[in-house]
1. Take the residue pairs Lys212/Lys361; Lys145/Lys284; Lys230/Lys318; Lys170/Lys209; Lys209/Lys263; Lys62/Lys107 and return only those whose Cα atoms are more than 29 Å apart.
2. If you line up the long axis of helix 344-355 against the longest principal axis of the chain, both from Cα atoms, how many degrees apart are they, to the nearest 10?
3. May I ask you to compute the full-extension gain from Asn303 to Glu53, defined as 0.36 nm times their residue separation minus their alpha-carbon distance, rounded to one decimal in nm?
4. Return the distance in nm (one decimal) between the two label points of a simple spin-label model at Gln71 and Ile384, each offset 7 Å from Cα along Cα→Cβ.
5. Under the rule of -39500 (n - 2.57) per DSSP H run of 4 or more residues, summed and divided by the residues of the chain, what mean residue ellipticity at 222 nm is obtained, to the nearest 500 deg cm²/dmol?
6. About the Cα centre, and with charges only on the beta carbon of Lys, Arg (+1) and Asp, Glu (-1), how big is the dipole of segment 190-445? Nearest 20 debye, please.
7. Using a Förster distance of 41 angstrom, determine the FRET efficiency expected from the C-beta separation of His422 and Tyr63, and round it to 0.05.
8. Using a ≥ b ≥ c from the Cα gyration tensor of segment 161-309 (square roots of the eigenvalues), is it rounded, prolate or oblate, where a/c under 1.5 gives rounded and otherwise the larger of a/b and b/c decides, a/b for prolate?
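Any read-out appearing in this document is the output of simple, stated calculations on the displayed coordinates, not a laboratory observation. Nothing here was measured: the structure is a model prediction, and the numbers come from that model. Ideal geometry is used to build each Cβ from the backbone, glycine not excepted, and the neighbour counts take in all protein chains shown.
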Amino acid sequence: MKKKLWLPLLIVAAISIIATSQYPKLYVATGYGAKCMASGIFVAGREALNIQENDLDYSIVKYTRSIIDYQEKSVTTTIWGLASQKAIYRDGLGCCLTTDEDRNYTKPTHSPANFKTANSWKMAWPEGEGIGDTIFPELDLTQLKNAINNAFDKRGIKIQRTAAVVVIYKGRLVAEQYWRDQSIQPETKLWGWSMNKSIINALIGVMVKKGKLSLDASAPIEEWLNDQRKDITLNDLMHMSSGLSWNEDYGAISDVTTMLYRKRDVFKYARDFPLEKQPNSEWKYSSGTTNILSGIVRKTLKNDQLYLDLPYTEIFNKIGMHSMVLETDASGNYVGSSYGYATARDWAKFGQLYLQDGVWKGDSILPRDWVTYSATPAGTAKGIYGAQFWLNRSGELPDAPKDMFSCKGHRGQRIFIVPSRHLVVVRLGFAEDHFNHNTFIGSILGSFVQQN
């Protein structure tokens with residue numbers, strides 16, 4: 001009889017141990033689910049079922065369930081009744097996870113443009129939203145169309161999971177295609193994930209141009225002044241070579257998942273990590289580093305209104321990137337590591353800005369040689385990374401030129417910038433496990449029947 005009692009006790013103990021060890025992951029899942037569902041609905045204007053089937057069809061997140069309050073503009077997401085997190089929408093700031101109902105906040109003063117007006121559709125991109133009628137004899141449009149079509153799943157199949165492709169050649173929109181069920185359109189805002197790191201690059205560039213920051217100076221963080229972190233320069237942070245301890249594992253309870261799904265202040269959390277190695281001695285990809293850079297901009301400006309307006313007044317509005325919503329955490333920091341939404345065409349405008357050496361219609365938005373700096377390999381990165389941009393110097397994508405550099409985001413978000421080919425290619429999607437970026441960009445490049 002006593003032996004029989006041991007069995008259920010052992011089972012209960014085993015379940016308890018497993019639940020205890022895995023329980024924190026449930027908060028990552030519900031945080032991911034609530035944030036993505038809220039942004040998908042209230043920022044991008046998409047349907048909840050479409051978001052659940054595509055954006056949240058990922059890892060254990062697929063088992064989450066969400067309650068949507070359209071009046072409050074909030075999403076509460078649970079998993080198996082064991083964990084719950086809530087995300088709220090705040091006008092101008094997008095969506096963030098929250099543990100309270102505080103909606104008193106500063107917001108950007110910009111006004112999103114209505115890019116669906118009749119005139120905007122009549123004008124060619126980038127001035128408007130239409131495809132231009134410029135003829136490029138070196139471009140085989142049929143081959144280009146086939147290359148793009150091959151990047152999408154056939155109806156009823158979900159393997160490549162491509163949501164949008166936009167191709168810009170010599171400053172003109174020459175081709176585009178969207179998710180086949182019509183739920184994704186040219187005006188649909190889509191997530192950028194870590195492509196937003198390159199937007200922080202642009203913000204730092206603006207601050208350098210204004211003389212408010214210097215790449216060679218020590219990072220202006222008061223909490224670092226009394227220890228070895230005082231030797232970390234802004235350039236080290238830009239190159240992901242700060243020497244700070246960090247774990248970027250998205251499949252575990254790690255520094256990055258804790259920052260994104262359990263902390264209200266991403267800057268403060270990342271700022272407080274200790275030095276692990278000497279600055280500029282090792283390259284380590286770190287979303288925390290980008291959020292430190294975002295926080296540096298905020299602390300340097302010493303004015304939240306100026307900080308929140310900066311990307312819009314100095315970048316987005318100037319290049320017509322009117323759909324862009326750069327999202328903040330609950331404490332008002334731009335989560336430059338991960339959170340921003342824009343249309344595929346507007347993501348392409350950001351790429352075009354860098355293709356044009358930071359100049360837009362004669363306006364030098366970025367400092368002279370800033371793009372060269374951004375696309376020059378960090379000394380510790382072995383040719384794969386510059387300053388908040390990924391590089392192809394090592395030939396990671398062998399079918400693309402080595403001068404190509406790119407913005408990369410979780411689940412296959414890409415802006416490919418190819419200066420030698422006058423080309424910007426955007427691919428946005430819901431996964432990349434079975435998507436071959438080399439084949440994709442190689443087939444796009446193969447559509448040019450003669451080089452010029």
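1. Numbers: Lys212/Lys361 25 Å; Lys145/Lys284 38 Å; Lys230/Lys318 35 Å; Lys170/Lys209 27 Å; Lys209/Lys263 32 Å; Lys62/Lys107 32 Å.
Those over the limit are Lys145/Lys284; Lys230/Lys318; Lys209/Lys263; Lys62/Lys107.
2. For 344-355 against the chain, the angle is about 60 degrees.
3. Details: separation 250, 0.36 × 250 = 90.00 nm, distance 4.05 nm.
Stretched out fully, the Asn303 to Glu53 stretch lengthens by 85.9 nm.
4. A separation of 5.1 nm, rounded to one decimal place.
5. On the way: 13 runs with 144 residues, N = 452.
For the chain, the value works out to -9500 deg cm²/dmol.
6. Numbers: 29 positive and 27 negative charges, 95 e Å.
Computed about the Cα centre, the dipole is about 460 debye.
7. Working: r = 46 Å, r/R0 = 1.11.
The calculated FRET efficiency here is 0.35.
8. On the way: a/c = 2.14, a/b = 1.63, b/c = 1.31.
The shape class here is prolate.
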